[in-house]
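First comes the structure, then the notes that go with it.
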Amino acid sequence: MPQPKVLALRVASLMDKEFLLELDPEKFFTEPHYNGYPAVLLRLKQVTVRELRPLLTEAWRCVAQRK
């Protein structure tokens, strides 16, 4: 079900996922659907545009072709 107040972000590894979840549980969280998958959920009201830009860039790099 779409959640317009939440963004799913791909991360490089499960270790990175755990790091973000521990870093700021007010911003980052997960749901059982994402267990074992390198992605976190982000509460958009908890993040600034300045913080969001590098998160989106890194998420894109996780799935973009190397070319």
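The values are calculated or read from the model by the stated rules, or taken from the named source; none is laboratory data. Worth saying up front: this structure is predicted, and the values here are computed from it rather than measured. The protein model used for the area step is the full one, side chains on, heavy atoms only, and it has no ligands, DNA or RNA in it. Shrake-Rupley method; radii C 1.70, N 1.55, O 1.52, S 1.80 Å.
Couple of notes before you dig in:
- When all protein chains stay in place and ligands, DNA and RNA are ignored, the 1.4 Å accessible-area order of LYS45, LYS5, LYS17, LYS67, largest first, is LYS67, LYS45, LYS5, LYS17.
- Accessible surface of THR57 - all protein chains present, 1.4 Å probe, nearest 10 Å²: 50
- Note that the range 4-16 has calculated 3J(HN,Hα) couplings of x, 9, 10, 10, 8, 10, 6, 10, 5, 7, 5, 5, 5 Hz, one per residue in order, obtained from phi through the Karplus relation 6.51 cos²θ - 1.76 cosθ + 1.60 (θ = phi - 60°); glycine and proline are x.
- Note that the range 33-38 has calculated 3J(HN,Hα) couplings of 4, 9, 4, x, 10, x Hz, one per residue in order, obtained from phi through the Karplus relation 6.51 cos²θ - 1.76 cosθ + 1.60 (θ = phi - 60°); glycine and proline are x.
- The string of couplings for the range 45-50 from the Karplus curve (6.51, -1.76, 1.60, θ = phi - 60°) is 5, 8, 10, 8, 4, 4 Hz, one whole number per residue in order, with x for Gly and Pro.
- Set of lysines with alpha-carbon distance to LYS17 below 23 Å, sequence-local pairs under 8 removed: LYS5, LYS27, LYS45
- Residues whose placed amide H lies under 5 Å from that of ALA39, excluding near-sequence neighbours: VAL11
- For the chain: Kirkwood Rh in Å [reciprocal of mean 1/r, alpha carbons]: 12.3
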